[in-house]
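What follows is a single structure, written as structure tokens, with notes after it.
A short reminder: the numbers here are calculations on the coordinates, not readings from a lab. Computed from a predicted model, the values in this text were never measured in an experiment. Positions of Cβ are backbone-derived with ideal geometry, glycine not excepted, and every protein chain shown enters the neighbour counts.
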Amino acid sequence: MVKKRLDFNFIAIMNYSNNPQRKEQQNVETLLEEEPQHVILLHNDDVHTFDFVIDCLIEICGHTPEQAEQCTYLVHFKGKCEVKTGSWEELIPINNILLHRGLSSEIV
């Protein structure tokens, strides 16, 4: 679980006649719990063309053409690449579409 510390500074208090009576400054610490992030890993295969993989990443994962091309080269040369980050619930449908298109991917 990742926690972030946020600092808020605020100044108060005005009376109804818009004349400041006193000023206070407080530091308030708030810890927010973030949902753990997961990633979709796209694995290399010898079946699909570069153009097909690039088109899938643009359409399904929302990549820019440059980003999709870079990920495709990473998958080709390194064997895998993280193509999408998000919550488990957000990534399941995206991963299912990639799998339905015949690409080899997993959520980790």
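Ordering Ser87, Ser105 by the number of other Cβ atoms within 10 Å of each residue's own Cβ, fewest first, gives Ser87, Ser105.
Between His76 and Asp46, the simple label model (points 7 Å from Cα in the Cβ direction) yields a spacing of 1.6 nm.
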